[in-house]
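One structure below.
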Amino acid sequence: MNTSIEEFTVRDEDTKQIMGYAEGLRYEYPQAHVRIFVMYCIGNQGFKVIEVS
């Protein structure tokens, strides 16, 4: 993807996938408060955690 970890943003396909998981959790556990995060591990640059709303 040729981008630095600081400039990296959430990809649409990752957002759609994680939102599907969250909806399943909300359905199965309606009393739970679910916050959605995507974590990217980028080569030897480290990782980045992004909250998805």
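The numbers here are math on the coordinates, done by the rules we state, and not lab data. Keep in mind it's a predicted model, so treat the numbers as computed, not measured. Positions of Cβ are backbone-derived with ideal geometry, glycine not excepted, and every protein chain shown enters the neighbour counts.
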**Study point:** Derived scalar couplings ³J(HN,Hα) [region 39-45; Karplus, 6.51 cos²θ - 1.76 cosθ + 1.60; whole Hz; x for Gly, Pro]
**Key:** 10, 10, 9, 10, x, 9, 8
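If each DSSP helix of 4+ residues adds -39,500 (n - 2.57) and the sum is divided by the residues in the chain, what number results at 222 nm, nearest 500 deg cm²/dmol? Display every interim value, and only then the final one.
Working: 1 runs with 17 residues, N = 53.
So the helix-based figure for the chain works out to -11000 deg cm²/dmol.
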Check your understanding: Placing +1 at every Lys and Arg Cβ and -1 at every Asp and Glu Cβ, with all other atoms neutral, what dipole size does region 12-52 have around its Cα centre, in debye to the nearest 20?
Key -> 140 debye
Exercise for review: Compute the acute angle (0 to 90°) between the alpha-carbon long axis of helix 12-28 and the principal axis of greatest extent of the alpha-carbon atoms of the chain; round to the nearest 10°.
Suggested key: 20 degrees
Review point. Quick one: what Rg and Dmax do you get for the chain from the alpha carbons, in Å?
Key: 13.2, 41
